Amino acid sequence: MIRLLTLAAAALVLTGCISLVPKASELPPRYTLEAEPAVPVASRLPVTLAVADARAEGAINTSKIAVRTASNEIRYMPDGEWSDRLPRIVSLLLERAAENQGRLLAVSDRVALPLADYVVYTDIQTFEADRTASPEQVDVIFRVRLENRTGSVLGAQRFSASRPLNDIDTAGVAGALNEAAAAAAADAADWMIGVIEAAEVSREAQQERRDRRASSR
């Protein structure tokens, strides 16, 4: 009897705890960025790519969702945030965009791949809803720089994307920014893979020439 009473009391306590969990609609929203879907490929390059932590000025180096309200003024959406600091989720977006290309042996951050064959650095220049534009829109602009293992710069490129701002609530702004960021990240991944592929072809050609010279001696 005592055991039954104990179990009943525990069940009541558990039921009370469960009832304290708010509904999904009552939880504060957090938004993230999703890369475009993976594309199946036939072959991979036997190289690795590390994505360094992105850089951004203080106004967007935050989890707050930025809105440009004047040429030199930025405010923030009041009822929702990114799931992490913006540079962090942009770095993860680029990592996943490159990984979804399916062309590289491995893609990760510099902690997981400290001796990667290639490293990409990102400078986020714009990531905001622009209420000064007509019609209103969201803008994403970032610059990437690709280096090889020795630190030689293979190329740098600016990528941008805009989307119309149809809904001015936080979910609408975050969704439009996600679409723009995913498109820009996919373009950046295409560019990076192309540069890496050209670098690998050049490296293999140089190695073949060295081998021929060595064999002719």
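The values are calculated or read from the model by the stated rules, or taken from the named source; none is laboratory data. In this text, all values refer to a predicted model and were calculated from it rather than measured experimentally. Here the Cβ positions follow ideal geometry from the backbone for every residue, glycine too, while neighbour counts run over all protein chains shown.
Yes or no, residue by residue, for (1) surrounded by fewer than 18 Cβ atoms within 10 Å (Cβ to Cβ); (2) modelled with pLDDT of 95 or more; (3) not in a strand (DSSP E or B):
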{"site": "I74", "(1), (2), (3)": "yes, yes, no"}
{"site": "P78", "(1), (2), (3)": "yes, no, no"}
{"site": "D84", "(1), (2), (3)": "yes, yes, yes"}
{"site": "I124", "(1), (2), (3)": "no, yes, no"}
{"site": "V144", "(1), (2), (3)": "no, yes, no"}
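For the range 106-122, which positions are in a strand (DSSP E or B) and either among the small types (G, A, S) or modelled with pLDDT under 95 (or both)?
Our first condition is that a residue be in a strand (DSSP E or B); within the range 106-122, this holds for 106-109, 118-122.
Passing the criteria: A106, S108.
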Check: With (1) part of a strand (DSSP E or B); (2) out of contact with any Pro (no Cβ under 8 Å at 6 or more places or on another chain); (3) of a type in the set (D, E) as the list, and E99 as the residue in question, which single condition is left unmet?
Finding: (1)
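I'm trying to understand the selection: among the residues of the range 75-106, which are over 10 Å from the mean Cα position of the chain (by Cα), of a type in the set (A, V, I, L, M, F, W, C) and farther than 27 Å from T132 by Cα?
First pass over the range 75-106, keeping only residues over 10 Å from the mean Cα position of the chain (by Cα): 75-85, 99-106.
With the extra rule that they be of a type in the set (A, V, I, L, M, F, W, C), the set shrinks to 77, 82, 104-106.
Matches in the range 75-106: L104, L105, A106.
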Notebook entry, point to check: List the pairs whose first member sits in the range 76-102 and is free of Cβ contacts under 8 Å to residues at least 40 places away in the same chain, whose second member is basic (K, R), and whose Cβ atoms are under 8 Å apart, counting only residues at least 6 apart or on separate chains?
Noted result: Y76/K64; P87/R55
Note to self: Looking at the range 131-154, can you tell me whether even one residue there is more than 13 Å from M192 (Cα to Cα) and either of a type in the set (F, W, Y) or touching a Phe, Trp or Tyr at 6+ places or on another chain (Cβ under 6 Å) (or both)?
What the structure shows: yes
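Going through A50, A35 one at a time, which residue ends up being assigned to a loop (DSSP other than H, G, I, E, B), modelled with pLDDT of 95 or more, buried (at least 19 other Cβ atoms within 10 Å of the Cβ) and under 14 Å from the mean Cα position of the chain (by Cα)? Please lay out each step first, then the result.
Working: A50 fails: assigned to a loop (DSSP other than H, G, I, E, B).
Only one candidate passes the filter, namely A35.
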Next item on the list: Residue by residue through the range 53-109, note down the ones that are among the basic types (K, R), in contact with a Phe, Trp or Tyr (Cβ under 9 Å, 6 or more places away or on another chain) and closer than 19 Å to A184 by Cα.
Entry: R55, R88
Check: Regarding T122, is this residue without any contact (Cβ under 8 Å) to a residue 12 or more places away in the chain and β-branched (V, I, T)?
Finding: no
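Would it be correct to say that I196 is of a type outside the set (S, T, N, Q), in contact (Cβ under 8 Å) with a residue 12 or more places away in the chain and in a strand (DSSP E or B)?
On the way: of a type outside the set (S, T, N, Q): yes; in contact (Cβ under 8 Å) with a residue 12 or more places away in the chain: yes; in a strand (DSSP E or B): no.
Criteria not met by I196.
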